[in-house]
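The values are calculated or read from the model by the stated rules, or taken from the named source; none is laboratory data. Here the structure is a predicted model, which is why all the values come from computation and not from measurement. Ideal geometry is used to build each Cβ from the backbone, glycine not excepted, and the neighbour counts take in all protein chains shown. For the accessible areas, the whole protein counts, side chains as well, though only heavy atoms, and no ligand, DNA or RNA atoms are used. Shrake-Rupley method; radii C 1.70, N 1.55, O 1.52, S 1.80 Å.
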Amino acid sequence: MTAQQEFELLVSRYYSTLYQFAFSLARNEGDACDLTQQTFYAWARKGHQLRDRSKAKTWLFTTLYREFLERKRRQLRFPHFELSAVDPDLPRISPATVNELDSAEVLRSLAQLDETFQAPLALFYLEDHSYKEIADILGIPLGTVKSRISRGITQLHEMLTRDNPNTPKKGTA
Amino acid sequence: MNSRQAREILMRYRPGVADDSDPELAQALEQAARDPELGRWFEHHRAFQNAVRDRFTQLSPPAGLKDKILAQYRPAEVVVWWQRPDFRTLAAAAAAAIVLLVGLAVFRDRPREDQSFLAFRNRIVRNAQRGYAMDITTTNLDEIRRYLAAHEASADYVLPGPLQQLPGDGGAVVRWQNRKVSMVCFDSGNHNDLYLFVARRSDLPDAPAAPEPEFSRIGKLTTASWSTGDKVYVLAGKGDEQFLRRYLR
């Protein structure tokens, strides 16, 4: 298989889940697309360094997560606001996803979780990675991954179940 | 295992995913089957989990993203110089070996290859610039250290504080003059890698003896070299002396 064929295969296989992971981190479509593209650009540039090709999936998710952290650290494109303070500017969903408001609601709740829970929980719900792989991607011990997932689920559960169903949903259209 | 512990384990249950072979999980599932109250809670929790997972994974990438990604593909220019010999490398190595044998026969009394620290530093840093392969790719610095130890390269190195805070990129065992040198790559951010080479001091008697770094420029990389204990360290990265100093305090 040529490098280009491998690249195309990886894109077909993972671009969708990488985008979902990126969206859960970045909270908007534009930055999620940007992160996903940047991840594959990094693969084209540096993927050849990976000796064990079976770890390509973990490599891609690790790279995306690190790219996100790097951007966040530099505060270039991901300024941290309390979501309640910027409700009018909440992520706009493209026409293609307008009919998935429930998904947006779940993502909105994920975005409101404590930051330490967001990435582990997003990877948990993608169901594409074992706990060990999640630990590798996030660079934290296995026990910490399990603990953060449990605590994150608890917090998400509380968040979603305490919502008053009559409260109009904001910022999702 | 009490009911509370079982709940905590069951909370993370994902049927059909690789981790469901966890023995603790099997035990918790058995307990849920025996304990009606725990069973009811588990059923409710699974319904919640399914709903969240389904909503989460319904999110579709915008149309055109895949095409954009595919269109940006440009093959990397790779010059891998060790551990991946292709036919041309082998042919070149064979030719070099013949030349070497002839050379040895003719110039038997000529001085040996330069084994100085300067030659060492020049060689490893230039090779890092030309392209390299990592034996292990991970962000986990402990994992890199374990890999190096398992392959009998220097693994008891001491990292300066700021380097300990960086995520790893990977590591490799590099050979120089038939001796093993540890290479640890760090991601300093913005796609700028830092390379740390660790060699045994006894292999490089003329290396800088002090723990204070000496700086030098090799090609596009700046290097800092120092010694502590029985190790010689060379840190290389794209940037000036001030840039490297940030990782050595």
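If you take just the strands (runs of 3 or more DSSP E) that sit entirely in region B:133-249, which of them hold at least 2 residues that are at pLDDT 90 or above?
Numbers: elements: B:168-176, B:179-187, B:193-200, B:214-218, B:221-228, B:231-237.
Output list reads B:179-187, B:193-200, B:214-218, B:221-228, B:231-237.
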Checklist outcome for this item: Being within 10 Å of chain B (Cβ to nearest Cβ) and modelled with pLDDT under 80 narrows A:I93, A:I134 down to just A:I93
Checklist entry - Any chance region B:66-74 includes a residue that's modelled with pLDDT of 75 or more, within 30 Å of A:F23 (Cβ to Cβ) and more than 7 Å from chain A (Cβ to nearest Cβ)? => result yes
Next on the checklist: For region A:105-128, give me the residue count where each residue is more than 8 Å from every other protein chain (Cβ to nearest Cβ), touching a Lys or Arg at 6+ places or on another chain (Cβ under 9 Å) and at pLDDT below 90.
Outcome noted: 5
Checklist entry - If only one of B:N50, B:N2 is closer than 30 Å to A:C33 by Cα, polar (S, T, N, Q) and more than 8 Å from every other protein chain (Cβ to nearest Cβ), which one is it? => result B:N50
Checklist entry - Checking B:N127 against (1) open to solvent by 40 Å² or more (accessible area, probe 1.4 Å); (2) within 25 Å of A:G47 (Cα to Cα), which single condition isn't satisfied? => result (1)
Next on the checklist: Taking the condition of being in contact (Cβ under 8 Å) with a residue 40 or more places away in the chain and at the interface with chain B (Cβ under 7 Å from one of its Cβ atoms), how many residues in region A:1-33 meet it?
Outcome noted: 5
Next on the checklist: So, B:L204, is that one surrounded by 15 or more Cβ atoms within 10 Å (Cβ to Cβ), closer than 17 Å to B:V232 by Cβ and not basic (K, R) or not?
Outcome noted: yes
Checklist entry - Considering region B:184-234 alone, what residues qualify as being of a type in the set (A, V, I, L, M, F, W, C), free of Cβ contacts under 8 Å to residues at least 60 places away in the same chain and more than 17 Å from B:R245 (Cβ to Cβ)? => result B:V184, B:C185, B:V198, B:A209
Checklist entry - Tell me, which residue of region A:34-67 that is surrounded by fewer than 19 Cβ atoms within 10 Å (Cβ to Cβ) and hydroxyl-bearing (S, T, Y) is nearest to the other protein chains (Cβ to nearest Cβ)? => result A:Y41
